[in-house]
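These notes are about the structure you will find just below.
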Amino acid sequence: MRKKMLRSMMQVFVRESDKAVMFYQQTFGAELISAYSNEDGTYMHAELDVFGQVLALSEASKEEEIAIGNTMMFCLHFGKGKEVLVTKIYDALKDGAQITSPLGPCSYSSLEASLVDKFGIWWCIFV
C-alpha cells in the first residue's frame, strides 16, 4: 500500500498579494487552486498551479521586513523547444523588475534570464 505523498511548494510572502496572484496567473497561465482571503482582499494563503508546481503566496504583514530577491531564487526549466514560452514569460516578468541577467544564451542554456520581479521574487527561467 502506497503512503499518501506529502508535497513541497514554493512559498512567498509579498505585499499586495491580491495583485501578485493576478500577475502570476496572467504571466504563467496559472490556475488558482486554493485561496484563503484576508478581510482586505489580500491572501492569508493562496496556491497557484505554475506548470505543475505549486506557487504559494501570502500577504506579508506590515511589521515584517521583506528581504528582496536575495534569499531564494525560483528556477523554472522548460526544456528545448520552449523558447517562445520563456520569452513570453520574461516579457511579462520584466515589467518593473530588476534584471540580473537579461534574456540570452549562457553557459548552461541557449536561452536564460534571471530577475527580481516587482514583488521582490527572484526568478531564473531557461530552456
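The values are calculated or read from the model by the stated rules, or taken from the named source; none is laboratory data. Quick caveat: nothing in here was measured; it's all calculated off a predicted structure. Backbone-built Cβ (ideal geometry, glycine too); neighbour counts: all protein chains shown.
Figures for the structure shown
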read-out: Pick from the range 57-75, criterion buried (at least 17 other Cβ atoms within 10 Å of the Cβ) and at negative phi, ranking: modelled with the lowest pLDDT; value: 60
read-out: Strands (runs of 3 or more DSSP E) fully within the range 77-127 counting 2 or more residues that are touching a residue at least 12 places away in the same chain (Cβ under 8 Å), buried (at least 21 other Cβ atoms within 10 Å of the Cβ) and touching a Pro at 6+ places or on another chain (Cβ under 9 Å); value: 109-116
read-out: Leading residue by the ranking (modelled with the highest pLDDT) among those in the range 1-15 that are more than 11 Å from residue 54 (Cβ to Cβ) and either exposed (fewer than 15 other Cβ atoms within 10 Å of the Cβ) or of a type in the set (Lys, Arg) (or both); value: 15
read-out: Contacts under 7 angstrom Cβ, first residue in the range 22-50 being in contact (Cβ under 8 Å) with a residue 60 or more places away in the chain, partner among the small types (Gly, Ala, Ser) and not in a loop (DSSP other than H, G, I, E, B), 6 or more apart; value: 26/92; 27/92
